[in-house]
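Okay, so here's the structure we're looking at.
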Amino acid sequence: MNAPDTESDAYAPVLAASPFRFTLQFAGHFWRWYALIATLQVLASACGVSVSLALGKVVAAISPMDVQGARELAGVWPALFLFIGLNLGELVCSRLAGFCRVHVGPLQRVRVTGHLFAYLQHHSQRYIGSNFAGSLASRISETSTGVNMLLWALIFDVLPVVVTLSVAVIILSLASPWLALFSLIWSILFLICSYRLARHCQPYSKAFSAARSETVGRVVDAVSNLTAVRLFARLGHERAHLQQYLGREVTAARRSFGLNEKIVLFQLAASLVLKVGMLGFSLWLWQQGRIGVPEFVMSTTLSFLVISEARNVSRRFLDLFEYIGNIENGVRTIVVPHEIVDTQHARDIKVVSGQIELEDVTFGYQSDRPLFRNLNLFIPAGQRVGLVGYSGSGKSTLLNLLMRLYEQQHGSIRIDGEDIRRFTQQSLHSQISLIPQEPGLFHRSLLENIRYGNPQASEADVEAAARKAYAHDFIKGMEQGYHSLVGERGVRLSGGQRQRIAIARVIVKNAPILIMDEATSALDSITEKAIQKTLTQEMRDKTVIVVAHRLSTVAQLDRILFFDNGRIIEDGSHEELLARPDGAYRKLWDRQLGSATSSGELYRI
C-alpha cells in the first residue's frame, strides 16, 4: 500500500488560553530580539528627553554673552556638541530598533498564524460545523496581528513614555524640586485616569471586534453560496440579511469610537492644565529668582515633551485594549479544548487485514438524543459492505465514527482487533481512503489536488490514476492541463468532474480501507459504468464500505446493511434481502427498479 506517511505534526501545539500568557508565549521565542529592541528604545528615549537638558546648557552658555555684548561661541561648543550628540543618539537608536522590528515582526506574525492554524486543524467536525469559516480565518488574522501590535505598542510607545517621564522628573529636579513634583503628580494622575478610561472602553472594543468578525463570516458564507443565491433569486434577501449584521457592526463601532472621543477630550483638557500650570509655575519661580532663564527654557521644553508623550501613550492605551480584545476573542474562539484528542501513548496504526468491529456503540450528535444505541457490527477483513437506508438513518454517521471525526459516547470501535482510540488520528486517517459525496477540492492545480492523496506520487502516478478515474481526457482538454487551477472548492469543474478527481485522489492514496459515500452520484450512467470497473479493481484486497441511495450501486457487493433510525434492521447479500418479500430492502428495491432483476441493468462492482 502507498498510503501517505504520517506527518510529524500529528499533535496540536500547546497554546496558552489567556491573552497575556498567549502573547508572552510567542514573545518568549524571540526574547533576545525584544530585549535588544527594548534596550535601544530606552537609550533613544533617554537621549530624546535629555535634549532639553542640552538645550538649557546652550542657553546658559549664551546668556552671559548677551549680558557682556560678546558673540564668541567658544563656550557654547560643549553644550552644542552635547545637543547634537543626543539628537544623533536618539536617531541611531530609534532606527536600529525599527530595523530590528522589520526583521522580527513578520517572523512573529507567521509563527502565531501557523500555530493557531495548526491548533484549529485538530478541532472536531462538530466545532468546524458550528463556526463560520470566514469568521475563524478572521480570528486567526486579527489575533496574529494583535500580538504583533500589542508588543510593538508596549515597546515602542509605553516603554519610551515611562523612560521619558522618569528622566524628565530627574532633570526637572535639578532645576527645581517643585517643578519635578508638579510634573510627576500630573503624569501619574494623567496615566491613571487614561488607563481607567481605556479599560472602560475595552468591552466596547471587544464587541466591535466580534461584530466585525461576524460580518466577515456572513459575507464569506454568502459568497460561498452565491450560485444558490442567484438561482433562488435571493440577491435582495442576502443584502438585507447582511445589513442586519452591518447595522450591529455600526452600532458597536459608534459606541467604541464615541467613548474614544470622550477620552481624547479628557486628554486635551489635561494637557491644557499642564501647559498653563507648568508655564505659570515656571514664570513664578523665575520671578522669585529660584530658577534662571536656562532652567525656564528647559522646564517649558520638557513640559511640552511630557504632554506629547503622555498623550501618545494615552491614545495607545485605547489601541492596547483593542489589541488585547482581538487577542482575547481569538484565543477564546480557537484555543479551546479539543473534543477529540489522542491519548498520551497513542501510536501509529498500520492496518494489516482491515477487520472492523463496533461493540455496544452509543452515539448522538446531542448526547441526550442518541442515534445509535448499543450498536454492534462486525466486518471481516476484505469484505465489501453496502450501507443503505433512508436519509438520516445513520449511514454517514457510522462512517464519521469509523474515521473518528466524532467520538462515541459509549462502546468501542476496533480495527484489526484494536480500539481506534489507541492510535493517532493522523495515522488512522492515512489508512482510510474516502470518496465523499461532495469532494473537497482546493484552489490549486489538478495535479496538486490529485497528488493530495499521496504527496510522494510522481506525475506519472497521477496521470495513471486520472486515466483510471476517466478524468485524463477532460484534464488534457483544459488550457493548462494538469496545471490548471480548479477554483475555490473546484468551482470551475462540473460535479461529475470533481467526483472523478476525488476518485483519482483515492487511487493515488491506495489505503487498505476504502469508503465511498455516494461516490458516483454526480456521474452520468455511462461514465459510472466505466468507473465501476476501475473501482472493482481498487477494491481488491481492501475492506470496502459503500454508502448509496441507488441500490443498483451496491447490489453486487458481498453484504448489504439496511439502516433505519440508527438500527441495522436487515443484513445480508442482495439476493438474500430480495428474497424477503416484506423486507425493507425489497420494498425499496421495487420502488426504485420495479421488476428489474439483479442480472441485467446493474452496475457490477
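Each reported figure results from applying straightforward, stated rules to the coordinates on display, with no laboratory input. In this text the structure is predicted, and so the values were computed from the model without any measurement. A quick note on method: Cβ atoms are made from the backbone with ideal geometry, for glycine too, and the neighbour counts reach across all protein chains shown.
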### Task
Pull up all non-local amide H partners of PHE423: gap of 5 or more, or a different chain, and H-to-H distance under 5 Å with H placed in the peptide plane.
ARG347
### Task
Enumerate the calculated ³J(HN,Hα) couplings along segment 445-453 in order (Karplus 6.51 cos²θ - 1.76 cosθ + 1.60, θ = phi - 60°), each rounded to whole Hz, writing x wherever the residue is Gly or Pro.
6, 4, 4, 5, 5, 6, 5, 4, x
### Query
Could you put LEU434, LEU588 in order, starting from the residue whose Cβ has the fewest other Cβ atoms within 10 Å?
LEU588, LEU434
## Note on the structure
If amide H atoms are modeled at 1.01 Å from N in the peptide plane, then the residues at a separation of 5 or more from THR543, or on another chain, having amide H under 5 Å from its own are GLY382, LEU514
### Query
Per-residue HN-Hα couplings for segment 407-416, Karplus 6.51 cos²θ - 1.76 cosθ + 1.60 at θ = phi - 60°, whole Hz, x for Gly and Pro?
10, 5, 7, 7, x, 9, 10, 10, 10, 6
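Pairs LYS350/LYS529; LYS350/LYS395; LYS476/LYS509; LYS395/LYS476: which are spaced more than 28 Å apart, C-alpha to C-alpha?
Check vs 28 Å cut-off fails for LYS350/LYS529; LYS395/LYS476.
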### Message
Through the Karplus equation 6.51 cos²θ - 1.76 cosθ + 1.60, θ set to phi - 60°, convert the phi angles of segment 26-38 into ³J(HN,Hα) values in whole Hz; use x for Gly and Pro.
### Response
7, 5, x, 5, 10, 4, 5, 5, 5, 5, 5, 4, 4
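Of the peptides 109-121, 155-167, how do they stack up when ordered by the mean number of other Cβ atoms within 10 Å, highest first?
155-167, 109-121
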### Helical mean residue ellipticity (222 nm; -39500 (n - 2.57) per DSSP H run of 4+; nearest 500) of the chain
-20500 deg cm²/dmol
### Query
With a 10 Å Cβ neighbour count serving as the proxy for reagent exposure, in which order, fewest first, do HIS345, HIS241 appear?
HIS345, HIS241
### Task
Any chance you could give the angle, 0 to 90 degrees and rounded to 10, that helix 293-334 forms with the longest Cα principal axis of the chain?
10
### Query
Packing-wise, with mean Cβ within 10 Å as the measure, how do 507-519, 491-503 rank, highest first?
507-519, 491-503
### Query
Taking amide hydrogens as modeled 1.01 Å from N in the peptide plane, which residues meet the under 5 Å criterion relative to HIS410, leaving out close sequence neighbours?
THR362
### Alpha-carbon centroids, segment 97-140 and segment 195-230: separation in whole Å
17
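Report the Rg/Rh value for the chain, based on alpha-carbon coordinates and the Kirkwood definition of Rh.
1.18
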